[in-house]
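What follows is one structure encoded as structure tokens, with my remarks underneath.
The values are calculated or read from the model by the stated rules, or taken from the named source; none is laboratory data. What you are looking at is a predicted structure, and each value in this text was computed from that prediction instead of being measured. All Cβ positions, glycine included, derive from the backbone under ideal geometry; neighbour counts span all protein chains shown.
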Amino acid sequence: MSPTDRLSLISRHFDYSNAHDVPLNTPFSIERESSRVVDDFNNKSNPFKGQQQKRDFSHSAPSLQEEAKEEKPPTENMSKQAPHPTLLIPGPIEFDDEVLNSMSHYSEAHVGPAFVAVFGETLSMLRKVLLTENPKGQPFILSGSGTLGWDQVAANLTEPGDEALVLHTGYFADSFADCFETYGVKATQLKAPIGDRPQLPEIEKALKEKKYKVITVTHTDTSTGVKSDLKPLAELVRRVSPETLIVVDGVCSVGCEEIRFDEWDLDVVLTASQKALGCPAGLSIVLASQRAMESFKARKTRPTSYFASWKNWTPIMQNYEAKKPSYFATPSPQLIHALNTSLKQILSKPMEERFETHKQQSLRIKKAIEGFGLKQLATKPENQAHGMTAIWLPEGITPPDVLPSLLKKGVIFAGGLHKEVAAKYVRFGHMGVSVTDPKRDDIDRAIQALKDSLVEVGYKAPS
Ligand SMILES: *Cc1c(COP(=O)(O)O)cnc(C)c1O
């Protein structure tokens, strides 16, 4: 997308939200409007006001954790966080107390042995989350957001003039393609109608037409709730174009959807801390295969980014994992502590169980929504993501009609994001503790709030 196109898109969103004077949780509007959401929530109608609790930071992180274990929960929901509306957008998601508490760690040197050990352990745990055992694969955890993963791929795995095939299932493919173009890489998009995904025969045809250095796929496109099927895609690529690197944008899927890095023979999976991994935003998380690292080492030109260069970061990550201090640029110790805690929680049970929990909860949500006469953008069950649901609103009802009403009921959903249909749907994120923590009733409350909000604006569900 050209900068002018992008600007016109932004102003269209602004016009739209101005007209209704209501915040939409889209990347284009959230910055402008978020202060209103907070104001709304702090005004008299805030049902949580008066129950405000102060977070207690006078303890060190370990003693807080100890305390949490010892204390008997006074109620079913024992969160110590200040009362707040439940954040059920497709990232950031709700955080576990222990993850948040581990961020209130005293300051420590980023090259001190204690922190280096925590970072090294976090990298090793990332391998387990992605089900890889090949020591020649390389995890990277960098300060940044999910988007920095695109830059890492474009700057390290492609060279100016290379070709990238971008499978399009929504907004995030447009952006990834734009990222490639920024680095002088030619991106060809293979598109599907909204709610669907490109099919294997067309992908095969495209792969046979020219030599692509990389093929990218958005595992869950957060703008449409469409999930791609990685296993058969990877098999196809290996059969038709074995050297093409398979890059998975797993920002909305790592930690909630099944991903078998070794078994499916993937080359890059990139994600961010704030989605299904349940850690505050601020970390770009990438795993590169042995094949990807060899391809990186065989580059003819130097990486086209300085901060994101794997030349700079590979030795650092390897040293951390070997528990040796080293420095290229200062990491965020507090965020690494939080990620360490959330990965430990995730790995306390088999990954299969986590995938299954997300799947079952997602099926339950989708059934409730369908039972209420609502349709999803992803029409085919096999295309439906398990960490979020993109829901068409009934005819004549727009996100500004329902989002404020949801907020009053203590639930935050996101507005539409796909540029062609943004005003016609909402997005419900159901990842992490909101579905895995049995003490939380987030999902039931959200389903009820959605139904009540729609009825309030005149929707009649089929009986
Ligand atoms: C959220 C998201 C991104 C962007 O991540 P940021 O952390 O916002 O930079 C990229 N791809 C997908 C699929 C996402 O859901």
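Figures for the structure shown
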quantity: Subset tally (residues that are farther than 23 Å from PRO92 by Cα and within 12 Å of the ligand (Cβ to nearest atom)) for region 179-215; calculated: 0
quantity: Qualifying residues in region 85-108 (those that are part of a strand (DSSP E or B) and under 13 Å from the mean Cα position of the chain (by Cα)) - the one surrounded by the most Cβ atoms within 10 Å (Cβ to Cβ); calculated: ILE93
quantity: Residue in region 154-177 that is farthest from the chain's Cα centre (by Cα), counting only those that are part of a helix (DSSP H, G or I) and within 12 Å of the ligand (Cβ to nearest atom); calculated: ASP174
quantity: Positions within region 280-306 being out of contact with any Gly (no Cβ under 9 Å at 6 or more places or on another chain) and closer than 27 Å to GLY387 by Cβ, in sequence order; calculated: PRO280
quantity: In region 168-191, the residues that are out of contact with any Asp or Glu (no Cβ under 9 Å at 6 or more places or on another chain) and closer than 22 Å to LEU377 by Cα; calculated: ASP174, SER175, LYS191
quantity: Filter pass, SER362 being in contact with a Cys (Cβ under 9 Å, 6 or more places away or on another chain) and either free of Cβ contacts under 8 Å to residues at least 60 places away in the same chain or surrounded by 19 or more Cβ atoms within 10 Å (Cβ to Cβ) (or both); calculated: yes
quantity: Some residue of region 227-244 being under 23 Å from ILE93 (Cα atoms), part of a strand (DSSP E or B) and touching a residue at least 12 places away in the same chain (Cβ under 8 Å); calculated: yes
quantity: From the options ALA281, ALA272, ALA292, residue that is surrounded by 19 or more Cβ atoms within 10 Å (Cβ to Cβ), of a type in the set (A, V, I, L, M), in contact (Cβ under 8 Å) with a residue 60 or more places away in the chain and touching a Ser or Thr at 6+ places or on another chain (Cβ under 9 Å); calculated: ALA272
quantity: Count - residues of region 96-153 that are in contact with a Lys or Arg (Cβ under 8 Å, 6 or more places away or on another chain), within 16 Å of the ligand (Cβ to nearest atom) and under 20 Å from PRO333 (Cβ atoms); calculated: 0
quantity: Matching entry among LYS208, LYS213 (being within 21 Å of VAL286 (Cα to Cα), in contact (Cβ under 8 Å) with a residue 24 or more places away in the chain, basic (Lys, Arg) and assigned by TED's automatic domain parsing to the domain that holds SER295); calculated: LYS213
quantity: SER241 being within 10 Å of the ligand (Cβ to nearest atom), at pLDDT 95 or above and not basic (Lys, Arg); calculated: no
